[in-house]
Amino acid sequence: MSFTFTEDQKLLSESADRFVLDDYNFETRRKIIGQDGGFDRDNWEKFAELGWLALPIAEEYGGLGGSTVDTAVLLESFGRGLVVEPYQSCIVLSAGLLQVAGNEEQKRQHLPSIAEGKTLLSFAHIEPTSRFNLCHIRTTATKQGDCFVVDGEKAIVHNAETADYFILSTRTEGDINDENGITLFLVPSNSSGIEMRSYPTIDGLRASEISFNSVKVDKQNVLGELNKAAESIQQVVDRACVLLCAEAAGAMDTAVKLTVDYIKNREQFGQAIGSFQVLQHRAVEMLGAKDFSRALTYRAAGAIDQSNASERMRAVSAAKVEMGRSGKLIGQEGIQLHGGMGMTDDMPIGHFFKRLTMIDAIFGNVDFHRKRFAQII
Amino acid sequence: MWLQCVLVAVWGSPDYLRLFKESEVMDLILTPEEEKFRDEVRAFVAENITEDIRKKTMTGFRLDKVDHESWQKKLYEKGWMAPGWPVEYGGTGWSPMQKHIFEEECAAGGAPPVIAFGVTMVAPVIMAFGSDEQKEYYLPRILKSEDWWCQGYSEPGSGSDLASLRTKAVLNGDHYIVNGQKTWTSLAQHANLMFCLVRTSDEGKRQEGISFLLVDMNQPGVTVQPIKTIDGSTEVNNVFLEDVKVPVDNRVGEENKGWTYAKYLLGHERTSIAAVGRSKAQIKRLKTIASAEEHNGTALINDQAFREKIADIEIDLLALESLVLRVLSDESAGKGPGPEASFLKIKGTEVQQGITELLIEAIGNYAHPFIPESMDKGWNEEPIGPEYASSIAPHYFNWRKASIYGGSNEIQKNIIAKAVLGF
Ligand SMILES: Cc1cc2nc3c(=O)[nH]c(=O)nc-3n(C[C@H](O)[C@H](O)[C@H](O)COP(=O)(O)OP(=O)(O)OC[C@H]3O[C@@H](n4cnc5c(N)ncnc54)[C@H](O)[C@@H]3O)c2cc1C
Ligand SMILES: Cc1cc2nc3c(=O)[nH]c(=O)nc-3n(C[C@H](O)[C@H](O)[C@H](O)COP(=O)(O)OP(=O)(O)OC[C@H]3O[C@@H](n4cnc5c(N)ncnc54)[C@H](O)[C@@H]3O)c2cc1C
């Protein structure tokens with residue numbers, strides 16, 4: 001396991017940081033969020049040209065075959081500027097699942113076009129009552145001749161309204177919480193019977209509640225083995241968790257810098273408030289929280305491609321717990337040290353706080369991962 | 001028995017010392033008269049709070065100006081608008097325990113919080129330092145909620161260091177001409193009056209050049225500009241003052257003594273800022289939500305780790321309540337709130353924030369959707385996810401303000417360090 005970046009990773013990090021610095025300032029981001037679909041298609045094209053969309057995709061399908069650490073490097077930079085383009089939902093989760101579960105034909109048909117930025121996918125998995133249990137699936141898919149008929153509700157599906165296809169999880173056998181009996185489908189988003197209610201999320205992304213009402217899906221669109229999708233989902237969501245932590249590491253880095261900068265400049269009582277030792281120590285705690293979380297995240301990212309399931313789950317859960325705690329501390333203290341200014345929508349710090357809070361509240365919060373970690377001793 | 005003796009020895013006054021029932025730890029043991037009083041308040045709240053208002057208060061949806069005013073007018077008619085005031089001005093003459101019961105029952109019944117700027121903030125200052133004319137004019141109007149007050153202390157350059165304020169008032173015959181900017185002025189959009197600290201002298205100590213003015217907001221030169229906060233709401237404002245005329249008669253007390261009055265006021269708001277009753281009501285709401293949330297095939301409330309986190313907060317709240325009762329009983333014994341009252345602000349806001357943290361945890365994935373309009377009046381679309389969820393994340397972010405306003409928690413600690421520990 002290496003604890004330093006390779007030359008390629010350094011270059012990637014520099015170019016992604018440059019993009020955020022030049023093309024993704026706070027005001028630009030605000031405009032992008034207000035746009036139809038909630039992200040900038042030109043940016044997506046640019047990501048394709050720079051090879052960022054291809055990064056984690058295997059070489060034989062038009063990708064660059066990058067490791068999880070490579071992708072983490074990119075996402076850390078994205079986190080520094082709270083990039084809202086659908087990298088997590090389309091590339092990490094959906095393309096990730098296609099790659100893990102799809103057959104040769106499905107991969108050939110879709111992965112190159114995803115890498116080129118021409119096809120957008122979204123992962124329709126969470127359900128209204130599933131909380132953080134990945135196996136809690138009520139949405140049913142019933143076989144009818146050459147088709148499956150899908151009925152059910154999906155919740156908080158990020159970037160659904162701009163997706164061409166959904167990777168959809170369904171129950172084809174067993175009880176609601178069973179590991180066995182989960183099947184994935186690749187479903188065109190314009191299939192009849194799909195109803196969508198889209199909304200902004202508090203961290204500036206877009207998501208939807210989707211109902212599937214007798215949606216017919218060709219059996220060729222089953223992704224992977226019937227009833228056996230749980231392990232693929234777990235594996236890909238685990239990787240997504242680490243990459244969310246990487247994004248959080250970037251967000252924490254900026255949040256700490258913004259705060260330190262603010263207290264060095266804000267004057268009260270005739271001096272910079274950063275001259276008060278109580279505030280210095282608080283800023284030091286913030287910096288430490290970021291450093292520990294980032295270190296653990298890269299360790300998990302490095303381990304994840306080589307570990308067995310239980311090693312992987314422990315590494316991921318540890319990183320997610322540490323990130324949740326650090327993100328909360330940095331977000332809350334970031335606001336507090338900004339005083340009233342921290343409460344305003346015009347200051348970036350609050351937006352970092354919100355994103356960090358929402359990263360904790362997806363695919364398992366601190367409590368969830370702490371428990372999962374404890375169960376795999 | 002020995003325990004009670006020890007407690008009396010440690011705490012002094014036995015008046016606030018009530019042991020808690022074993023089964024319902026959150027309830028105080030009340031005398032029969034107090035129970036009767038509690039039932040009376042409970043019935044009054046139930047009769048006068050509509051389901052719509054109750055829901056808004058409990059969920060943190062936006063309460064309109066009229067929601068507050070109509071409740072406050074009912075309190076006035078009942079004679080309960082100002083429990084903290086001396087009886088001669090319209091106070092209730094209640095014991096500390098009655099005041100506490102009153103707060104708790106109002107909160108439990110979903111009554112909107114009484115807006116503090118008039119009745120608990122400016123009124124005591126007017127009573128203590130105002131002219132007879134000011135008392136006669138303003139105090140009855142405050143009781144009847146005929147004015148909406150706001151607090152014009154903070155400025156862009158003067159937050160924690162309030163004494164550095166620069167909004168200038170220059171005497172010109174029988175009035176002052178006021179120029180400057182106030183900021184973070186809560187609910188100024190509703191206000192017709194602002195109590196305001198202004199600089200009337202640049203000589204000597206900064207604290208000794210400040211005066212306390214009552215400013216009519218509905219006049220030329222006063223501009224209120226909303227500030228959007230991270231939760232999407234606009235409860236705070238910038239207030240610009242340009243050549244605003246304020247009659248000398250609207251100065252409270254002496255010129256250049258405003259700082260003393262302002263500090264007097266701050267001492268008066270700490271017990272209400274602790275908001276014990278509201279936190280109890282929110283803990284109850286948290287338990288209801290945690291019972292409704294599914295978690296690994298059972299309710300979240302059955303999760304041991306989550307229960308223990310609720311317990312941690314409840315224990316903190318019990319400690320807070322005990323200290324509030326102690327301060328209230330000191331007050332009724334004629335001892336003004338000491339600097340320890342700063343602990344009430346610190347712990348009170350920590351408890352409030354702690355509850356918002358558990359609420360956002362409780363709703364899991366449904367922290368994400370953000371539809372600001374859904375918290376406004378008149379929004380009647382289907383909620384996204386469970387109805388109780390929509391305001392929880394905005395509220396969590398919004399409530400970070402509590403450790404900042406009213407003198408930040410760091411400043412409260414500085415006060416205790418100086419005034420109690422002698423640094
Ligand atoms: C078990 C043990 C082993 C040790 N071994 C060695 C050894 O092998 N060699 C050696 O040379 N020394 C050794 N020390 C001494 C150790 O380095 C000192 O105790 C330490 O530097 C603190 O100094 P002090 O005890 O004088 O406390 P003080 O310096 O008086 O500090 C008292 C408290 O004030 C805090 N404080 C002091 N200054 C500041 C400041 N500017 N800002 C904020 N807080 C402050 C401290 O953190 C501490 O909490 C040892 C001490 C212990 C307890
Ligand atoms: C939602 C909201 C509503 C408000 N409503 C009103 C209102 O109605 N009327 C009104 O007049 N004001 C109001 N305020 C203003 C509030 O009182 C100030 O925000 C507060 O006093 C802090 O000042 P500041 O924002 O300038 O922060 P700063 O004073 O700049 O403080 C920034 C940070 O530095 C810390 N700090 C500052 N000095 C020290 C020190 N000496 N030692 C240690 N730490 C220090 C602070 O604790 C804080 O964490 C409101 C504020 C908010 C957020």
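Where helices (runs of 4 or more DSSP H) fall entirely within region B:70-160, those with at least 3 residues that are under 30 Å from B:Lys284 (Cβ atoms), out of contact with any strand residue (DSSP E or B) (no Cβ under 8 Å at 6 or more places or on another chain) and assigned by TED's automatic domain parsing to the domain that holds B:Glu34 are at B:96-108.
As a summary of the residue check, B:Ala163 satisfies the conditions (1) in a helix (DSSP H, G or I); (2) farther than 26 Å from B:Lys245 by Cα; (3) within 16 Å of ligand 2 (Cβ to nearest atom) except for the one numbered (2).
Checked against the criterion of being surrounded by 20 or more Cβ atoms within 10 Å (Cβ to Cβ), over 16 Å from the mean Cα position of the chain (by Cα) and modelled with pLDDT of 95 or more, the candidates A:His351, A:His281 yield just one match: A:His351. Evaluation of A:Asp178 against the conditions (1) more than 27 Å from B:Ala367 (Cα to Cα); (2) surrounded by fewer than 16 Cβ atoms within 10 Å (Cβ to Cβ); (3) of a type outside the set (S, T, N, Q) shows that the sole unmet condition is (1).
Yes or no, residue by residue, for (1) of a type in the set (D, E, K, R); (2) more than 14 Å from chain A (Cβ to nearest Cβ):
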residue: B:Pro226; (1), (2): no, no
residue: B:Thr229; (1), (2): no, no
residue: B:Asp249; (1), (2): yes, yes
residue: B:Ile283; (1), (2): no, yes
residue: B:Glu293; (1), (2): yes, no
residue: B:Asn302; (1), (2): no, no
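Residue-wise test of (1) closer than 29 Å to A:Asp42 by Cβ; (2) within 14 Å of chain B (Cβ to nearest Cβ); (3) of a type in the set (Ser, Thr, Tyr).
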residue	(1), (2), (3)
A:Leu98	yes, no, no
A:Lys107	yes, no, no
A:Leu120	yes, no, no
A:Ser130	no, yes, yes
A:Arg138	no, yes, no
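On the given criteria, is B:Glu155 away from chain A (no Cβ under 14 Å) and among the acidic types (Asp, Glu)? No.
The set of residues in region B:129-157 being within 16 Å of ligand 2 (Cβ to nearest atom), surrounded by fewer than 19 Cβ atoms within 10 Å (Cβ to Cβ) and either more than 19 Å from the chain's Cα centre (by Cα) or of a type in the set (A, V, I, L, M, F, W, C) (or both) consists of B:Pro156, B:Gly157. Looking at the structure I just gave you, is B:Lys413 within 16 Å of ligand 2 (Cβ to nearest atom), surrounded by fewer than 17 Cβ atoms within 10 Å (Cβ to Cβ) and over 13 Å from B:Ile273 (Cβ atoms)? Here the answer is yes, as B:Lys413 does meet what is asked.
Has region B:172-184 got any residue that is within 14 Å of chain A (Cβ to nearest Cβ) and near ligand 2 (Cβ under 7 Å from one of its atoms)?
Yes.
Does A:Ile359 fit the bill of being within 14 Å of another protein chain (Cβ to nearest Cβ), assigned to a helix (DSSP H, G or I), hydrophobic (A, V, I, L, M, F, W, C) and away from ligand 2 (no atom under 16 Å from the Cβ)? Spelling it out, A:Ile359 is indeed within 14 Å of another protein chain (Cβ to nearest Cβ), assigned to a helix (DSSP H, G or I), hydrophobic (A, V, I, L, M, F, W, C) and away from ligand 2 (no atom under 16 Å from the Cβ). Counting only residues that are within 14 Å of chain B (Cβ to nearest Cβ) and not hydrophobic (A, V, I, L, M, F, W, C), region A:203-222 holds 6 of them.
Any residue at all in region B:236-245 that's away from ligand 2 (no atom under 13 Å from the Cβ), among the aromatic types (Phe, Trp, Tyr) and either touching a Pro at 6+ places or on another chain (Cβ under 9 Å) or modelled with pLDDT under 95 (or both)? Within region B:236-245 (the criterion being away from ligand 2 (no atom under 13 Å from the Cβ), among the aromatic types (Phe, Trp, Tyr) and either touching a Pro at 6+ places or on another chain (Cβ under 9 Å) or modelled with pLDDT under 95 (or both)), the answer is no, since none of the residues qualifies.
Here is a check on your reading of the model: is B:Tyr388 surrounded by 19 or more Cβ atoms within 10 Å (Cβ to Cβ), within 8 Å of ligand 2 (Cβ to nearest atom) and within 23 Å of B:Phe61 (Cβ to Cβ)? Answer is no for this residue. Restricting region B:401-410 to residues that are in a helix (DSSP H, G or I) and touching a residue at least 60 places away in the same chain (Cβ under 8 Å), the residue that is surrounded by the fewest Cβ atoms within 10 Å (Cβ to Cβ) is B:Asn409.
The values are calculated or read from the model by the stated rules, or taken from the named source; none is laboratory data. Note that the coordinates shown come from a computational prediction; the quantities given were computed from them, not determined experimentally. Every residue, glycine as well, gets a Cβ built from its backbone with ideal geometry; the counts of neighbours run over all protein chains shown.
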